[in-house]
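Notes follow the structure.
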Amino acid sequence: MFADYHVHTEFSSDSVYPMEQVLEDAIAMGMDEICFTEHVDYGVKKDWDSEGPVKYYGDKPYLNADYPAYAAKVYRLRPKYGAEINIKMGLEFGMQEHTIPQYEALAQNAPFDKNPLDFIILSVHQVEDKEFWTQEFQEGKSQKEYNEGYYEELLRVAKAYKGYSVLGHLDMILRYDKAGVYPFGKVKPLVSEILKTAIQDGKGLELNTSYHRYGLQDTTPSVEILKLYRSMGGEILTIGSDSHEPGHLGAYIHEGKQLLESLGFRYFCTYDEMVPIFHKL
Ligand SMILES: [Zn+2]
Ligand SMILES: [Zn+2]
(Lines give C-alpha, C1' and ligand atoms only; values in the text may rest on other atoms or scores of the structure.)
(Ligands and ions follow the chains in the order given, each with its own letter.)
Protein backbone atom coordinates (compact mmCIF):
# COMPACT_ATOMS: atom_id res chain seq x y z
CA MET A 1 0.00 0.00 0.00
CA PHE A 2 1.55 3.23 -1.25
CA ALA A 3 -0.34 6.15 0.31
CA ASP A 4 0.48 9.84 0.73
CA TYR A 5 -1.41 11.30 3.68
CA HIS A 6 -0.43 14.95 3.54
CA VAL A 7 -1.18 16.60 0.20
CA HIS A 8 -2.08 20.21 -0.62
CA THR A 9 -3.61 21.36 -3.91
CA GLU A 10 -4.99 24.53 -5.49
CA PHE A 11 -7.47 24.67 -2.58
CA SER A 12 -4.66 25.60 -0.16
CA SER A 13 -3.48 29.21 -0.07
CA ASP A 14 0.15 28.17 -0.63
CA SER A 15 -0.34 25.82 -3.60
CA VAL A 16 -1.48 26.13 -7.22
CA TYR A 17 -1.19 22.40 -8.03
CA PRO A 18 -4.50 21.45 -9.73
CA MET A 19 -6.25 18.52 -8.05
CA GLU A 20 -6.68 16.56 -11.32
CA GLN A 21 -2.98 16.93 -12.06
CA VAL A 22 -2.10 15.74 -8.53
CA LEU A 23 -4.23 12.65 -9.10
CA GLU A 24 -2.73 11.94 -12.51
CA ASP A 25 0.80 12.34 -11.13
CA ALA A 26 -0.04 10.12 -8.14
CA ILE A 27 -1.45 7.40 -10.41
CA ALA A 28 1.62 7.63 -12.66
CA MET A 29 3.89 6.92 -9.68
CA GLY A 30 1.79 3.92 -8.65
CA MET A 31 0.13 5.43 -5.59
CA ASP A 32 -2.79 3.38 -4.24
CA GLU A 33 -4.36 6.01 -2.00
CA ILE A 34 -4.10 9.77 -1.56
CA CYS A 35 -5.47 11.97 1.18
CA PHE A 36 -5.89 15.67 0.45
CA THR A 37 -5.23 17.81 3.51
CA GLU A 38 -6.03 21.40 2.57
CA HIS A 39 -5.07 24.24 4.89
CA VAL A 40 -7.36 25.88 7.42
CA ASP A 41 -5.67 28.46 9.66
CA TYR A 42 -8.20 30.42 11.67
CA GLY A 43 -6.72 33.39 13.51
CA VAL A 44 -4.51 34.39 10.59
CA LYS A 45 -6.70 33.50 7.61
CA LYS A 46 -10.31 34.36 6.93
CA ASP A 47 -12.73 31.95 5.32
CA TRP A 48 -12.81 32.02 1.53
CA ASP A 49 -16.16 33.85 1.44
CA SER A 50 -15.59 36.45 4.15
CA GLU A 51 -15.99 40.14 3.47
CA GLY A 52 -13.48 42.94 3.80
CA PRO A 53 -9.81 43.32 2.93
CA VAL A 54 -7.76 40.20 2.27
CA LYS A 55 -4.02 39.71 2.64
CA TYR A 56 -2.07 38.31 -0.30
CA TYR A 57 1.08 36.21 -0.36
CA GLY A 58 2.34 36.24 -3.92
CA ASP A 59 -0.57 35.89 -6.33
CA LYS A 60 -2.88 34.03 -3.98
CA PRO A 61 -5.22 35.43 -1.35
CA TYR A 62 -4.35 34.30 2.17
CA LEU A 63 -7.62 32.49 2.85
CA ASN A 64 -8.85 29.16 4.17
CA ALA A 65 -9.84 26.48 1.66
CA ASP A 66 -13.15 26.97 -0.16
CA TYR A 67 -14.79 24.03 1.64
CA PRO A 68 -17.90 23.55 -0.55
CA ALA A 69 -15.89 23.73 -3.78
CA TYR A 70 -13.27 21.39 -2.30
CA ALA A 71 -15.81 18.77 -1.17
CA ALA A 72 -17.67 19.02 -4.50
CA LYS A 73 -14.47 18.45 -6.47
CA VAL A 74 -13.41 15.44 -4.38
CA TYR A 75 -16.85 13.92 -4.90
CA ARG A 76 -16.73 14.67 -8.63
CA LEU A 77 -13.25 13.18 -9.10
CA ARG A 78 -13.78 10.02 -7.05
CA PRO A 79 -15.79 8.24 -9.78
CA LYS A 80 -13.44 9.49 -12.51
CA TYR A 81 -10.21 8.23 -10.89
CA GLY A 82 -11.58 5.78 -8.33
CA ALA A 83 -10.62 2.65 -10.30
CA GLU A 84 -6.98 3.73 -10.15
CA ILE A 85 -6.61 5.46 -6.79
CA ASN A 86 -8.54 5.80 -3.53
CA ILE A 87 -9.26 9.47 -2.85
CA LYS A 88 -9.69 10.56 0.76
CA MET A 89 -10.88 13.99 1.89
CA GLY A 90 -8.97 15.56 4.77
CA LEU A 91 -8.01 18.93 6.17
CA GLU A 92 -4.95 20.27 7.97
CA PHE A 93 -6.04 22.37 10.92
CA GLY A 94 -3.48 25.00 11.91
CA MET A 95 -4.88 25.30 15.41
CA GLN A 96 -4.40 27.62 18.37
CA GLU A 97 -6.18 27.42 21.69
CA HIS A 98 -8.32 30.46 20.96
CA THR A 99 -9.45 29.20 17.55
CA ILE A 100 -10.68 25.75 18.69
CA PRO A 101 -14.40 26.72 18.58
CA GLN A 102 -14.09 27.69 14.89
CA TYR A 103 -12.65 24.27 14.03
CA GLU A 104 -15.34 22.49 16.00
CA ALA A 105 -18.00 24.36 14.05
CA LEU A 106 -16.28 23.73 10.72
CA ALA A 107 -16.09 19.95 11.15
CA GLN A 108 -19.77 19.72 12.11
CA ASN A 109 -21.37 22.07 9.59
CA ALA A 110 -21.89 22.13 5.82
CA PRO A 111 -20.39 20.79 3.67
CA PHE A 112 -18.76 18.29 6.07
CA ASP A 113 -21.99 17.25 7.79
CA LYS A 114 -23.10 15.64 4.49
CA ASN A 115 -19.65 14.91 3.00
CA PRO A 116 -17.74 13.43 5.90
CA LEU A 117 -14.05 14.09 6.33
CA ASP A 118 -11.76 11.07 6.38
CA PHE A 119 -8.82 12.60 8.19
CA ILE A 120 -7.77 15.71 10.12
CA ILE A 121 -4.18 16.71 10.82
CA LEU A 122 -3.73 18.75 14.00
CA SER A 123 -0.89 21.20 13.34
CA VAL A 124 0.23 24.34 15.11
CA HIS A 125 1.51 26.85 12.53
CA GLN A 126 1.02 30.00 14.62
CA VAL A 127 0.89 31.13 18.23
CA GLU A 128 -0.61 34.50 19.27
CA ASP A 129 -1.80 34.71 15.62
CA LYS A 130 1.86 35.05 14.64
CA GLU A 131 3.32 32.80 11.93
CA PHE A 132 6.51 30.78 12.40
CA TRP A 133 7.47 30.70 8.72
CA THR A 134 7.67 34.52 8.58
CA GLN A 135 9.59 34.61 11.92
CA GLU A 136 6.90 36.89 13.36
CA PHE A 137 6.40 34.62 16.40
CA GLN A 138 10.12 34.06 17.03
CA GLU A 139 11.05 37.76 16.75
CA GLY A 140 11.91 39.35 20.08
CA LYS A 141 11.87 35.99 21.91
CA SER A 142 14.72 33.81 23.13
CA GLN A 143 15.18 30.37 21.56
CA LYS A 144 13.84 28.85 24.77
CA GLU A 145 10.75 31.10 24.72
CA TYR A 146 9.66 30.36 21.16
CA ASN A 147 10.45 26.63 21.32
CA GLU A 148 8.64 26.11 24.61
CA GLY A 149 5.87 28.51 23.55
CA TYR A 150 5.20 26.33 20.52
CA TYR A 151 4.96 23.05 22.46
CA GLU A 152 2.91 24.63 25.25
CA GLU A 153 0.33 25.81 22.70
CA LEU A 154 0.24 22.36 21.06
CA LEU A 155 -0.27 20.72 24.46
CA ARG A 156 -3.14 23.08 25.32
CA VAL A 157 -4.82 22.35 21.98
CA ALA A 158 -4.30 18.55 22.23
CA LYS A 159 -5.80 18.57 25.73
CA ALA A 160 -8.84 20.58 24.69
CA TYR A 161 -9.60 19.31 21.17
CA LYS A 162 -10.43 15.69 20.37
CA GLY A 163 -11.68 15.91 16.78
CA TYR A 164 -8.40 15.22 14.99
CA SER A 165 -6.65 12.11 13.63
CA VAL A 166 -2.88 12.70 13.96
CA LEU A 167 -0.40 15.29 15.22
CA GLY A 168 1.21 16.89 12.13
CA HIS A 169 4.96 17.59 11.82
CA LEU A 170 5.28 17.58 15.62
CA ASP A 171 8.63 19.37 15.90
CA MET A 172 8.08 21.72 12.95
CA ILE A 173 9.32 24.77 14.91
CA LEU A 174 12.82 23.38 14.12
CA ARG A 175 12.26 24.15 10.43
CA TYR A 176 12.14 27.83 11.17
CA ASP A 177 14.69 28.09 13.99
CA LYS A 178 17.52 30.33 12.84
CA ALA A 179 19.41 29.67 16.09
CA GLY A 180 19.88 25.97 15.24
CA VAL A 181 18.47 22.86 16.87
CA TYR A 182 17.15 23.51 20.38
CA PRO A 183 18.24 20.55 22.57
CA PHE A 184 15.49 17.94 22.70
CA GLY A 185 16.12 17.24 26.38
CA LYS A 186 14.76 20.69 27.26
CA VAL A 187 11.39 20.10 25.64
CA LYS A 188 11.15 16.35 26.29
CA PRO A 189 8.76 16.73 29.26
CA LEU A 190 6.38 18.81 27.12
CA VAL A 191 6.64 16.47 24.13
CA SER A 192 6.03 13.46 26.41
CA GLU A 193 2.89 15.08 27.77
CA ILE A 194 1.64 15.84 24.22
CA LEU A 195 2.26 12.23 23.11
CA LYS A 196 0.66 10.83 26.26
CA THR A 197 -2.46 12.91 25.61
CA ALA A 198 -2.64 11.77 21.97
CA ILE A 199 -2.15 8.08 22.83
CA GLN A 200 -4.80 8.20 25.57
CA ASP A 201 -7.23 9.79 23.10
CA GLY A 202 -6.60 7.16 20.39
CA LYS A 203 -4.87 9.71 18.15
CA GLY A 204 -1.77 9.19 16.04
CA LEU A 205 1.47 10.78 14.94
CA GLU A 206 2.48 11.81 11.44
CA LEU A 207 5.85 11.11 9.84
CA ASN A 208 6.23 14.15 7.56
CA THR A 209 8.78 13.41 4.85
CA SER A 210 9.37 17.08 3.93
CA TYR A 211 12.55 17.11 6.08
CA HIS A 212 14.63 16.47 2.96
CA ARG A 213 13.50 19.59 1.18
CA TYR A 214 13.86 21.75 4.29
CA GLY A 215 17.46 20.52 4.59
CA LEU A 216 16.97 19.28 8.16
CA GLN A 217 19.51 17.00 9.86
CA ASP A 218 16.78 14.79 11.31
CA THR A 219 13.38 13.47 10.29
CA THR A 220 10.09 15.26 11.15
CA PRO A 221 9.40 14.48 13.88
CA SER A 222 12.89 13.49 14.97
CA VAL A 223 13.98 9.88 15.43
CA GLU A 224 14.12 10.59 19.17
CA ILE A 225 10.46 11.61 19.19
CA LEU A 226 9.47 8.56 17.12
CA LYS A 227 11.33 6.30 19.58
CA LEU A 228 9.69 8.04 22.53
CA TYR A 229 6.25 7.55 20.94
CA ARG A 230 6.93 3.84 20.49
CA SER A 231 8.28 3.45 24.04
CA MET A 232 5.05 5.02 25.33
CA GLY A 233 2.93 2.50 23.40
CA GLY A 234 2.08 4.69 20.41
CA GLU A 235 1.08 2.65 17.35
CA ILE A 236 -0.93 4.92 15.06
CA LEU A 237 1.29 6.48 12.39
CA THR A 238 0.58 8.10 9.05
CA ILE A 239 3.14 9.05 6.43
CA GLY A 240 2.79 12.18 4.32
CA SER A 241 4.96 14.26 2.00
CA ASP A 242 3.33 17.64 2.80
CA SER A 243 3.24 18.13 -0.97
CA HIS A 244 2.53 21.58 -2.38
CA GLU A 245 3.97 21.14 -5.89
CA PRO A 246 4.85 18.34 -8.35
CA GLY A 247 8.34 17.56 -7.02
CA HIS A 248 7.00 16.97 -3.50
CA LEU A 249 4.25 14.44 -4.18
CA GLY A 250 4.89 10.96 -2.81
CA ALA A 251 8.51 11.85 -2.02
CA TYR A 252 10.34 9.65 0.50
CA ILE A 253 7.22 7.74 1.55
CA HIS A 254 9.02 4.42 0.96
CA GLU A 255 12.05 5.63 2.90
CA GLY A 256 9.71 6.67 5.72
CA LYS A 257 8.24 3.19 5.92
CA GLN A 258 11.70 1.65 6.13
CA LEU A 259 12.67 4.05 8.90
CA LEU A 260 9.55 3.24 10.93
CA GLU A 261 10.16 -0.47 10.50
CA SER A 262 13.77 -0.07 11.62
CA LEU A 263 12.52 1.63 14.80
CA GLY A 264 10.37 -1.39 15.63
CA PHE A 265 6.99 -0.19 14.38
CA ARG A 266 4.98 -2.79 12.49
CA TYR A 267 2.14 -0.79 10.95
CA PHE A 268 1.22 2.50 9.34
CA CYS A 269 -2.33 3.79 8.95
CA THR A 270 -4.72 5.14 6.41
CA TYR A 271 -8.11 6.54 7.46
CA ASP A 272 -11.70 6.09 6.44
CA GLU A 273 -14.19 8.61 7.89
CA MET A 274 -11.81 9.29 10.80
CA VAL A 275 -11.24 5.59 11.62
CA PRO A 276 -7.65 4.32 11.34
CA ILE A 277 -6.95 1.28 9.17
CA PHE A 278 -3.68 -0.54 9.89
CA HIS A 279 -1.35 -1.77 7.12
CA LYS A 280 1.85 -3.77 7.50
CA LEU A 281 4.97 -1.68 6.94
ZN1 LIG B 1 1.60 22.14 8.21
ZN1 LIG C 1 0.73 20.79 5.19
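The values are calculated or read from the model by the stated rules, or taken from the named source; none is laboratory data. All values derive from a computational prediction rather than experimental measurement. Cβ placement follows ideal geometry from the backbone for every residue including glycine, while neighbour counts extend to all protein chains displayed. Heads up: the accessible areas ignore ligands, DNA and RNA and are worked out on the full protein's heavy atoms, side chains in. Shrake-Rupley method; radii C 1.70, N 1.55, O 1.52, S 1.80 Å.
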Practice task
Please give the direction-averaged projected area of the C-alpha convex hull for the chain, in square nanometres with one decimal.
Solution key: 13.9
Handout entry: Percent of beta bridges antiparallel (DSSP, segment 196-281, rounded to nearest 5)
Key = 65
Completion exercise
Heavy-atom accessible area with a 1.4 angstrom probe orders Glu193, Glu51, most exposed first, as Glu51, Glu193
Exercise for the section: Please arrange Lys196, Lys130, Lys203 by accessible surface area, largest first, computed with a 1.4 Å probe and ligands excluded. Expected result: Lys196, Lys130, Lys203
Handout entry: For segment 89-98, 3J(HN,Hα) per residue [Karplus equation, 6.51 cos²θ - 1.76 cosθ + 1.60, θ = phi - 60°, Hz, x = Gly/Pro]
Key = 10, x, 9, 10, 8, x, 8, 9, 4, 6
Completion exercise
Here, GluC sites (Glu not before Pro) of segment 106-136 satisfying both criteria (DSSP loop; at most 15 other Cβ within 10 Å) are Glu128, Glu136
Handout entry: Net charge over other residues, Cβ less than 11 angstrom from the Cβ of Ile173 (K, R count +1; D, E count -1)
Key = -3
Problem - Solvent accessible area, Å² - Met172, 1.4 Å probe, full protein context - result: 10
Handout entry: FRET efficiency, Glu245 to Glu273 (Cβ-Cβ, R0 22 Å, nearest 0.05)
Key = 0.15
Fill in the blank from the handout: Once phi for every residue in segment 36-41 is put through the Karplus expression 6.51 cos²θ - 1.76 cosθ + 1.60 (θ = phi - 60°), the whole-Hz ³J(HN,Hα) values, with Gly and Pro written as x, are 6, 9, 6, 6, 9, 9
Exercise for the section: Report Glu104's accessible area, 1.4 Å probe, all protein chains in place, as a number in Å² to the nearest 10. Expected result: 70
Handout entry: Amide H partners (placed H, <5 Å) of Ile239, local residues excluded
Key = Tyr5, Leu207, Cys269
Exercise for the section: Mind grabbing the accessible area of Glu24 for me, 1.4 Å probe, Å², rounded to tens? Expected result: 90
Exercise for the section: Output the Kirkwood hydrodynamic radius of segment 183-266, Cα pairs only, in Å rounded to one decimal. Expected result: 13.5
Practice task
Please compute the net charge surrounding Met95, taking Lys and Arg as +1 and Asp and Glu as -1 over other residues with Cβ under 9 Å from its Cβ.
Solution key: -3
Problem - At least 24 Å along the helix axis (C-alpha) and Kyte average at least -1.0, DSSP helices within the chain - result: none
Problem - Most fluctuating residue given options Ser241, Ser210, Ser50, as computed from a GNM of the chain linking Cα atoms under 10 Å - result: Ser50
Handout entry: Cβ-derived FRET efficiency at R0 35 Å, Asn115 paired with Lys196, nearest 0.05
Key = 0.60
Fill in the blank from the handout: GNM on the chain, Cα springs under 10 Å; top mean-square fluctuation among Gly52, Gly90, Gly43 goes to Gly52
Handout entry: Net length gained if the chain between Thr134 and Ser50 were fully extended (0.36 nm per residue, minus Cα distance)
Key = 27.9 nm
